[in-house]
Structure formats: structure tokens, C-alpha cells
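The values are calculated or read from the model by the stated rules, or taken from the named source; none is laboratory data. Here the structure is a predicted model, which is why all the values come from computation and not from measurement. Virtual Cβ from ideal backbone geometry, glycine too; neighbours counted across all protein chains shown. Heads up: the accessible areas ignore ligands, DNA and RNA and are worked out on the full protein's heavy atoms, side chains in. Shrake-Rupley method; radii C 1.70, N 1.55, O 1.52, S 1.80 Å.
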Amino acid sequence: MTHLLTRWWRPALVVALAALAVVWRLVRADLGAPPNLELVTAATFAATILLRSRWAFVVPLAVTVVSDVVLGNTSIALFTWSAWLVVGLGSLLARNTSGWRRVGAGAAFGVAGSLWFFLWTNFGVWLQGRGTWYPASVEGLVASYVAGLPFLRTMLLGNLVLVPLVAAGTLLVDRLEASHDLASAVARPA
């Protein structure tokens, strides 16, 4: 029971990061930040590592659904929500990483998540807008991807910085907990 009480702050930290990701999605444009500079991928990676639960995969979906309800972003919701769901499931692959391998896994996860999101959501934009936004052809699909490249660049660069940074932060959490457990063990009477 004591072990659970001393770990209460891991879920609290995940909730705080998810709330920060929601708020960021709501105010990013007002702050002049570029489109697709997001915190969802970093919050997802942190949730997976800190909770070490397979249920951490719902974090990106929860962040996106909550913020999309406020933003009114529904035209492409099927593709964005499913993209984030896959990103969340992909984060489970890094759940048991440790040491500096976790930072490398964070970088790989940031790249893979960005590429997946770009490929899937731009496919969705093309599919939904065939004949309206883009021609209903392979050329139209390519045009959709070309138009999305600036968004990919921002997301990719942001995730190459933010996700490894969060991964390093989780290493600090592990180290602080280990030193606290050691200090608690020494302080307990035999």
C-alpha cells in the first residue's frame, strides 16, 4: 500500500501533461506557434513510460477528442482520431525501455508518430476532398502530401526535440524514485 501511495504523482504528472497538451492545442495559434507544433506525442510517450500500463494508449485520443470538441474540428476527425489512436498503441512498444535507450526510443517514436500522422491524415484530406480540394487521382493524392509537407516539417522537428526531452525527464523520475526508495530503506528501522 505504501508503494502505491508514494507513486500517486505519476498519474498526476500524466494528467498534467495531457491537460497541457489540450491547452496547447487550444492556444497555440493565438501564441503564434506554427501549425502542427504539438505536445500530444510527447504526452503520449510520457504516459506510456510513467504509467507502464497498456491503457496509456488512450492519452492522445483523449487529448484530441477533448480539444477537438472545443475547437469544433470535426471534418477530418475520423482520420485524426484514428491516427492518434495508432500513435498511442505504437507508444506501447517503448513501455519497458530504460536508460539512454529510452531517449533513443523517444526520438524514434517522435519520427514514426509524425510520419504516420502525416501519411494517414493527408490521405484522409485527399479522400474526403476528392474532386473538391484535390483531383480524385494519384496526382491528387500526391498533391495532398506535397501541400502537407510544411506541417510535417513542424511536427517532425518539434517531436525530435520534445519527445526525447520528455524521455530524459522520465529517466529523472526513475532516478528520483530510486534514490527515494533507497533513502526510505535506510531510514526504516531493522
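Observations
- Tilt relative to the chain, helix 58-71 - C-alpha long axis, 0 to 90 degrees, to 10: 50
- Kirkwood Rh in Å, taken over all unlike Cα pairs in region 12-84: 12.5
- MRE, 222 nm, helices only [DSSP H, n ≥ 4, -39500 (n - 2.57), over the chain, to nearest 500]: -26000 deg cm²/dmol
- A simple packing score, the average count of other Cβ atoms within 10 Å per residue, orders the peptides 141-151, 53-63, 88-98 as 53-63, 88-98, 141-151, with the highest score first.
- Accessible surface of the chain [probe 1.4 Å, protein heavy atoms]: carbon and sulfur percent: 73
- Protein heavy-atom accessible surface, 1.4 Å probe, per residue over region 6-94: 47 Å².
- Sites LEU176 and LEU115 - FRET efficiency at Förster radius 30 Å, r taken between beta-carbons, to 0.05: 0.35
- Rounded tilt (10° steps) of 9-27 against the dominant C-alpha axis of the chain: 30
- When the Cα gyration tensor is reduced to axis lengths a ≥ b ≥ c, the ratio a/c is 1.5 or higher for region 34-190, and with a/b above b/c it is classed as prolate.
- Calculated Rg and Dmax of region 81-174 using C-alpha coordinates, Å: 16.0, 52
- Once the Cα atoms are used to define both axes, helix 138-187 deviates from the longest principal axis of the chain by about 10 degrees.
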